[in-house]
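*Asks:* I have a structure I would like to understand better, so I am pasting it below and will then ask my questions one at a time.
The values are calculated or read from the model by the stated rules, or taken from the named source; none is laboratory data. Since this is a predicted model, take the numbers as computed values, not measurements. Cβ coordinates were reconstructed from backbone atoms using ideal geometry, including for glycine residues, and neighbour counts include every protein chain displayed. Protein only, heavy atoms only, side chains kept; ligands, DNA and RNA dropped before computing areas. Shrake-Rupley method; radii C 1.70, N 1.55, O 1.52, S 1.80 Å.
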Amino acid sequence: MSESEVSQVQSNDSKAQDFEREPVPAHLRKKWLSMSLVWIAIGIDLSAMFLGAELGNGMNLADSLTATMVGSLILGLIGALCAYVGAKTGLSTAMISRFLFGNMGARIVSVVLGIFSLGWFGVQAGFFASNMQTAFHKLWGIDLSLGVLSFIGGMLMMSTAIWGYRSIERLSTWSVPLLVIFIAIAIFTAFYQKGTSAVWEPISSSPIPMGTAISLVIGIFIVGTVLSPDIARWARTPKHAVTAAFIGFFVGNSFMTVIAIFLSRLMDTDDLTNIFIMLGLGLPAIIVLTLAQWTTNTNNLYSASLGFSVVFNRIPKKLITVIAGLIATLLAVFGIYDKFLSFLNVITSFVSPIGGIYTAEYLLVNSKKFTFEGIDRNKNWVIRSLVVWVAATFFAYMTTAAPDGFGWFELTRVPALDAFIFAFIVQWIVGKIMTKKG
């Protein structure tokens with residue numbers, strides 16, 4: 001084999017890798033625009049759409065838009081902060097945790113990250129199946145099994161996660177414009193049929209307080225910001241990562257919510273699937289439901305596989321993704337959507353503090369230790385970070401309403417955000433004290 005052929009093979013091998021256990025090489029990193037599309041695609045999901053419909057039905061137009069913008073702005077700022085660390089290190093969230101919790105402690109963190117992402121994949125696949133079942137029944141009178149639709153959805157979403165970030169990027173590049181086109185058609189049709197005055201009509205259901213609305217907007221995607229290094233590690237520079245993350249979380253999170261607000265107010269219902277059908281947009285409804293969930297859920301499985309790759313470091317990531325995807329899909333088939341939501345609310349309290357810990361440690365305590373070359377020389381356990389993690393998780397339980405928490409008091413009304421802020425402040429203070437003593 002010639003030297004040029006060897007070089008070509010090495011280049012192809014590099015392009016096939018996802019660098020789950022090492023930094024992404026500089027020559028393969030991406031510009032902010034392509035990364036923004038990935039994050040926007042992740043943010044455009046059914047949860048955001050149904051939240052928007054709920055806000056539009058429970059608030060006047062100005063208040064619902066204000067709540068969406070404020071909540072999305074907070075998400076954008078937190079996401080940019082977390083993405084900065086990912087871009088500087090070039091490592092996934094699970095790998096970054098090795099600098100915080102030690103090589104053994106990080107395995108616990110990675111399992112938690114993996115379980116959360118895996119569980120959420122199963123729930124979202126079930127959510128997709130439930131809405132698709134409604135769409136097929138109302139459009140064509142076809143009754144399809146939830147289990148069958150969950151399996152089809154899970155396999156579809158797993159197909160891109162297997163091939164890693166670059167496959168997700170390609171999916172996002174063509175799906176986002178297509179989604180925007182179909183959504184634009186829906187909005188135009190709704191305004192054409194109902195007129196502009198309908199958006200200003202008084203609400204017909206129970207009003208939603210502003211604080212509650214903002215907390216709902218933040219809560220729907222707060223854990224996604226913590227996991228942003230999984231995507232941000234592919235950024236060409238920290239500036240590209242911060243720009244892409246802010247645009248992605250701010251625009252991606254708010255876009256579908258705002259659209260759904262307008263649609264729900266124009267059509268006077270919060271049943272989003274039915275809104276599309278009422279507008280005579282049956283096929284676009286199917287496409288929007290599929291693409292919106294596909295682009296989001298493939299990232300859930302991607303993050304799960306990155307977390308488990310740190311734990312099972314001798315197993316290829318593609319195999320981990322396939323096994324994890326099959327497990328999550330089977331959970332969806334057997335009805336995890338109906339039983340897992342409470343557990344997911346609880347586990348967000350475990351995941352959110354991790355973002356506060358690694359951002360505080362990198363930005364305010366000691367960024368020099370975040371070097372991949374010395375990662376194997378890390379301690380097995382870093383007690384101070386583990387203690388902060390436990391304390392922040394307990395703090396989240398204190399601000400979580402019963403029955404999932406203690407409900408002792410409220411801070412931001414978003415327990416996951418409470419845990420992030422608490423972990424950030426305590427990690428900063430404790431880190432500075434322990435560094436000085438050392």
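*Asks:* Can you give the accessible area of Val387 in Å² (nearest 10), computed on protein heavy atoms with a 1.4 Å probe?
*Replies:* For Val387, the solvent-accessible surface is approximately 80 Å².
*Asks:* Now for a separate question. Based solely on its DSSP helices, what 222 nm [θ] is calculated for the chain when runs of n ≥ 4 H residues each add -39,500 (n - 2.57) and the sum is averaged over all residues, nearest 500 deg cm²/dmol?
*Replies:* When only DSSP H runs of four or more count, the value is -25000 deg cm²/dmol.
*Asks:* How tilted is helix 46-58 with respect to the longest principal axis of the chain? Cα atoms for both, answer in degrees (0 to 90, nearest 10).
*Replies:* Helix 46-58 sits at roughly 50 degrees to that axis.
*Asks:* Separate question: Could you order Leu149, Leu331, Leu411 so the one with the most accessible surface comes first? Probe is 1.4 Å.
*Replies:* Leu411, Leu331, Leu149
*Asks:* May I pose another question? Hey, quick one: spin label on Trp140, modelled 7 Å out along Cα-Cβ, who in region 247-285 has an amide N within reach, i.e. under 20 Å?
*Replies:* Taking a point 7 Å out along Cα→Cβ of Trp140, the residues of region 247-285 whose backbone N falls under 20 Å are 273-285.
*Asks:* Which option, (1) 66, 64, 40; (2) 81, 56, 46; (3) 94, 45, 45, is the value of Cα extents along the principal axes in Å that was calculated from these coordinates?
*Replies:* Entry (1).
*Asks:* Carbon-plus-sulfur fraction of the accessible area of region 317-415, 1.4 Å probe, in percent?
*Replies:* Answer for region 317-415: carbon and sulfur cover 65 percent of the accessible area.
*Asks:* Any idea of the accessible area per residue across region 357-438, 1.4 Å probe, to the nearest Å²?
*Replies:* Value for region 357-438: 58 Å² per residue.
*Asks:* Shape of region 265-342 from its Cα gyration tensor (a ≥ b ≥ c, root eigenvalues): rounded if a/c is under 1.5, otherwise prolate when a/b > b/c, or oblate?
*Replies:* The shape class here is prolate.
*Asks:* With every protein chain kept in the model, how would you rank Val112, Val322 by accessible area, 1.4 Å probe, largest at the top?
*Replies:* Val322, Val112
*Asks:* To continue, here is another question. To one decimal place, what orientation-averaged projected area in nm² is obtained for the convex hull of the Cα set of region 174-218?
*Replies:* Average of the hull's projected areas for region 174-218 equals 4.9 nm².
*Asks:* Whole number in Å², please: accessible area per residue of region 87-156, 1.4 Å probe, ligands, DNA and RNA not counted.
*Replies:* 31 Å²
*Asks:* For region 13-72, just list the percent of Cα-Cα distances falling in each 10 Å bin from zero outward, please.
*Replies:* Once binned at 10 Å, the Cα pair distances of region 13-72 give 17, 31, 22, 17, 12, 1.
*Asks:* Okay, moving on. Around Phe50, with a cut-off of 15 angstrom between Cβ atoms, what is the net charge of the other residues, counting Lys and Arg +1 and Asp and Glu -1?
*Replies:* Combined, the nearby Lys, Arg, Asp and Glu give -3.
*Asks:* Still on this structure, please answer the following. Given labels modelled 7 Å from the Cα in the Cβ direction, how far is it in nm from Ile185 to Ser159?
*Replies:* For the pair Ile185/Ser159, the computed spacing is 2.1 nm.
*Asks:* Can you tell me the orientation of helix 317-333 relative to the chain, as the angle in degrees between its alpha-carbon axis and the longest Cα principal axis, to the nearest 10?
*Replies:* Helix 317-333 and the main axis of the chain meet at about 40 degrees.
*Asks:* Over all alpha-carbon pairs of region 177-308, lay out the pair-distance distribution in 5 Å bins, whole %, shortest bin first.
*Replies:* 2, 8, 15, 18, 17, 16, 11, 7, 4, 1, 0
*Asks:* Show Glu20, Glu373 ordered by accessible area, largest first, where the area counts protein heavy atoms only and the probe is 1.4 Å.
*Replies:* Result, largest first: Glu373, Glu20.
*Asks:* Find the all-direction average of the projected area of the Cα convex hull for region 70-141, expressing the result in square nanometres with one decimal place.
*Replies:* Dividing the Cα hull surface by four gives the mean projection, 7.3 nm².
*Asks:* Still on this structure, I have one more. If one takes the longest principal axis of the Cα atoms in the chain, at what angle in degrees, from 0 to 90 and to the nearest 10, does the Cα axis of helix 238-247 lie?
*Replies:* 20 degrees
*Asks:* Using a cut-off of 22 Å between alpha-carbon atoms, which lysines can reach Lys379, once sequence neighbours fewer than 8 places away in the same chain are excluded?
*Replies:* The qualifying lysines are Lys88, Lys368, Lys369, Lys432, Lys436, Lys437.
*Asks:* List the residues whose amide H sits under 5 Å from the amide H of Lys30, counting only those 5 or more places along or on another chain, with H placed 1.01 Å from N in the peptide plane.
*Replies:* Sorted by chain and number, the residues that satisfy this are Ala235, Arg236.
*Asks:* In region 129-239, what percent of the accessible surface is made up of carbon and sulfur (1.4 Å probe, ligands and nucleic acids excluded)?
*Replies:* Solvent-exposed carbon and sulfur of region 129-239 make up 69 percent of the total.
*Asks:* Now, a different point. Can you send over the solvent-accessible area of His240, 1.4 Å probe, protein chains only, in Å² to the nearest 10?
*Replies:* 40 Å²
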